[in-house]
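Engineer: The structure is given below, and queries will be raised subsequently.
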Amino acid sequence: MNSVTDLRLPLPADSLDTRPQPVSGRWAVMLRRWKTRRVLLTLDDAQLRDIGMTRLQARREGDKPFWRG
């Protein structure tokens, strides 16, 4: 028998929510690393002094890939 079956499943209305869901777990950690490292590269010298980092330390941390802790 070669036919396509028309299968209809009832879906609750809330299952159709297409809003982005918050990222959690390992992906959340990697996303946070990526964002904070990008920001770290934009800080000026006074801001880096405030957080106790040198320009070289900021560059080394900012250049790391997001998957590396």
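Engineer: If you go through the stretch 33-48 one residue at a time, how many are acidic (Asp, Glu) and assigned to a helix (DSSP H, G or I)? Reasoning before the result, please.
Structural biologist: Taking the stretch 33-48 as the starting set, the residues that turn out to be acidic (Asp, Glu) are 44-45.
If we keep only those that are assigned to a helix (DSSP H, G or I) too, we end up with 45.
Residues in the stretch 33-48 being acidic (Asp, Glu) and assigned to a helix (DSSP H, G or I): 1 in total.
Engineer: Taking interchain pairs and intrachain pairs at least six residues apart, which have beta carbon atoms under 7 angstrom, with the first residue in the stretch 48-69 and without any contact (Cβ under 8 Å) to a residue 40 or more places away in the chain and the second among the small types (Gly, Ala, Ser)?
Structural biologist: Short answer, once both residue conditions are applied: LEU48/ALA58.
None of the figures in this text is laboratory data; all of them are computed from the coordinates on show. Predicted, not measured: the structure shown is a model, and the values here were computed from it. Every residue, glycine as well, gets a Cβ built from its backbone with ideal geometry; the counts of neighbours run over all protein chains shown.
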